[in-house]
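Working notes, beginning with the structure itself.
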Amino acid sequence: MTNRFNSRAKMPSVRVPTLFISGLRDTLIPPAMSACLHSLCGSGVRRLETFESGEHNTTWQCAGYFQRLAGFLHFASEMAPQREDWHAGQHSEDEEDQSAGAAAAAASATSAAGGASAGTAADDIPTITVL
């Protein structure tokens, strides 16, 4: 393997909502790896969703996949205003206006594309990571 991803060392520092999705028939990324990373994740809002018949490239086709994804996104978005640690720090009003504009643009682009957003470029908006 030419690229090394030291996920185990990085997961404890993750503080944003994190959804782990694992197909239990995945032979490329074993379900045990997803379970391990989930247990190491430092986020207070994390979830491991497993799909019995999911393989590496087919898990998204499993029954209930999009419902579980939407459920997590809804839950994480409800939690966002309550979590000060998701914010990068204090910003001026101008920066906050720019961040809000970036979030609105990202939401608009995502809605137009018909997909779910994985976050925005703004530093002070929580990012939802799907691994």
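The values are calculated or read from the model by the stated rules, or taken from the named source; none is laboratory data. Bear in mind the structure is a predicted one, so any value in this text is a computation, not a measurement. For neighbour counting, all protein chains shown are included, and Cβ atoms are generated from backbone atoms with ideal geometry for every residue, glycine included. The area values use the complete protein model at the heavy-atom level, side chains included, leaving out ligands, DNA and RNA. Shrake-Rupley method; radii C 1.70, N 1.55, O 1.52, S 1.80 Å.
General remarks:
- Some residue of region 29-50 being in a loop (DSSP other than H, G, I, E, B), open to solvent by less than 80 Å² (accessible area, probe 1.4 Å) and either in contact with a Leu (Cβ under 8 Å, 6 or more places away or on another chain) or acidic (Asp, Glu) (or both): no
- Pairs with Cβ under 6 Å, 6+ apart, first in region 52-74 and in a helix (DSSP H, G or I), second surrounded by 17 or more Cβ atoms within 10 Å (Cβ to Cβ): Thr59/Gly23; Thr59/Phe51; Arg68/Glu49; Phe72/Leu19; Phe72/Arg47
- The residues on offer are Thr27, Thr58, Thr50, and the sole one that is at pLDDT 90 or above, on the phi < 0 side of the Ramachandran plot, in contact with a helix residue (DSSP H, G or I) (Cβ under 9 Å, 6 or more places away or on another chain) and among the polar types (S, T, N, Q) is Thr50.
- Taking the conditions (1) within 18 Å of Asn6 (Cβ to Cβ); (2) small (Gly, Ala, Ser); (3) touching a strand residue (DSSP E or B) at 6+ places or on another chain (Cβ under 8 Å) in turn, Gly23 satisfies each one other than (1).
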